[in-house]
Amino acid sequence: PDIILEVKNLKKYFDTPKGTLHAVDDINFSIEKGKTLGLVGESGCGKSTTGRVILRLLEATDGEIIYKGNNIRNLSASKMRELRKEMQIIFQDPFSSLDPRMTVSEIIEEPIKLNKLIIDKKKRFDRVLELMDLVGLSRRLMNTYPHELDGGRRQRIGIARALALDTKFIICDEPVSALDVSIQAQILNLLKDLQKKLALTYVFITHDLSVVNHFSDDIAVMYLGKLVEKAPAKDLFDNPIHPYTKALLSAIPRPTLDNDDEMIILKGEITSPINPKENCRFANRCNYAESVCMDKEPKLIEVSKGHFVSCHIFNK
Ligand code: SF4
Ligand code: MG
């Protein structure tokens, strides 16, 4: 397989007055070129931090980020700037990342201008029009301002901007979570089409497993800075193994579920990510916890081909 990104033993810790916050705590995964990895978990599990660390918007505490064979943690700032032309991010709320004083065409043009990608003004303008067509933004909106547009159109501007350079790889951080359900589907379809057309690779970050179901090739589930389960999407949905994944999945209404498959209500508080103990971080909320779960940290183990689980009890 043609691996575009590999993350090895990645850690991101933050010093806080109360101790060390383990936001991302020794995670491993890889993504094939042209595929989507869904990165799923509740808010605060470290998924957004992971996305930012991969792009070096935040510096990792430890580990390797290997993009096309190079550990990009070793790149100089200028080399990293060069690489960022192909590694981009789409945010949940494009509004806060779009300059309210700039028109739609100016916003899309800006990265092309800043990176001196197209110097000729007329050619640059043609490229802006091409990008607007590509993301399904009517050319009539060229001279409007972001606040005049609805959330779906604003997200299309965010996507056009992310595609303006030589983009190959995109971190999509909750790109549809702020949108109405009807518009969510449009934006997901657009992202899917663009992926095919441009051979893009995505890391798709979301708290909502139902969003990544038909969208991801593989899904990785995070809990308190750890990967607890990782599998091909269908495998994860049909045969979830980790108790936390099961609980997440049980919260999604699905017509195929039997009537006796009840929603699993998680009890207990999320453990603090500050100075965490060396045990299973899900133990205080898990219905299956045994003493080993309190004493020892489970390792991520491959239980069937491509299906990894981190659990003392369900890893056979
Ligand atoms: Fe539950 Fe133990 Fe598995 Fe953790 S290791 S998920 S506490 S059974
Ligand atoms: Mg987030």
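The values are calculated or read from the model by the stated rules, or taken from the named source; none is laboratory data. Quick caveat, the model's predicted, so the values are computed rather than measured. Counting neighbours? That spans all protein chains shown, and the Cβs are built from the backbone with ideal geometry, glycine included.
For this structure, a couple of remarks:
- Restricting attention to segment 197-217, the residues that are more than 16 Å from ligand 2 (Cβ to nearest atom), surrounded by fewer than 23 Cβ atoms within 10 Å (Cβ to Cβ) and more than 16 Å from E86 (Cα to Cα) total 5.
- When we screen P298, P240 for residues that are modelled with pLDDT of 95 or more, at negative phi and out of contact with any helix residue (DSSP H, G or I) (no Cβ under 8 Å at 6 or more places or on another chain), the only hit is P298.
- Total residues in segment 286-314, condition farther than 14 Å from K226 by Cβ and of a type outside the set (A, V, I, L, M): 11
- Hey, V181 surrounded by fewer than 22 Cβ atoms within 10 Å (Cβ to Cβ) and closer than 24 Å to A251 by Cβ or not: yes
- Failed condition for N189, given (1) at pLDDT 95 or above; (2) part of a loop (DSSP other than H, G, I, E, B): (2)
- Evaluating S78 against the criteria (1) more than 19 Å from T49 (Cβ to Cβ); (2) in contact (Cβ under 8 Å) with a residue 24 or more places away in the chain leaves one unmet condition, (2).
- Qualifying residues in segment 290-314 (those that are assigned to a loop (DSSP other than H, G, I, E, B) and free of Cβ contacts under 8 Å to residues at least 24 places away in the same chain) - the one surrounded by the most Cβ atoms within 10 Å (Cβ to Cβ): P298
- A231 small (G, A, S), surrounded by 19 or more Cβ atoms within 10 Å (Cβ to Cβ) and either away from ligand 2 (no atom under 16 Å from the Cβ) or assigned to a loop (DSSP other than H, G, I, E, B) (or both): yes
- Failed criterion for E109 (all others in (1) more than 24 Å from L179 (Cβ to Cβ); (2) modelled with pLDDT of 95 or more; (3) surrounded by fewer than 17 Cβ atoms within 10 Å (Cβ to Cβ) hold): (3)
- Number of the exception - H22 against (1) surrounded by fewer than 22 Cβ atoms within 10 Å (Cβ to Cβ); (2) more than 14 Å from the chain's Cα centre (by Cα); (3) over 22 Å from Q195 (Cβ atoms): (1)
- Residue within segment 166-187 that is touching a Pro at 6+ places or on another chain (Cβ under 9 Å), of a type in the set (A, V, I, L, M, F, W, C) and within 30 Å of L98 (Cβ to Cβ) present: yes
- 1 or more residues within 16 Å of ligand 2 (Cβ to nearest atom): qualifying helices (runs of 4 or more DSSP H) within segment 94-184: 94-97, 151-163
- Close pairs from segment 196-221: first on the phi > 0 side of the Ramachandran plot, partner of a type outside the set (V, I, T) and away from ligand 1 (no atom under 16 Å from the Cβ), Cβ under 9 Å, at least 6 apart: A199/K33; A199/G34; A199/K168
- Residues being under 23 Å from P175 (Cβ atoms) and either loosely packed, with under 15 Cβ neighbours inside 10 Å or among the aromatic types (F, W, Y) (or both) - total across segment 51-81: 2
- Test: residue in segment 36-55 that is part of a loop (DSSP other than H, G, I, E, B) and either basic (K, R) or without any contact (Cβ under 8 Å) to a residue 60 or more places away in the chain (or both): no
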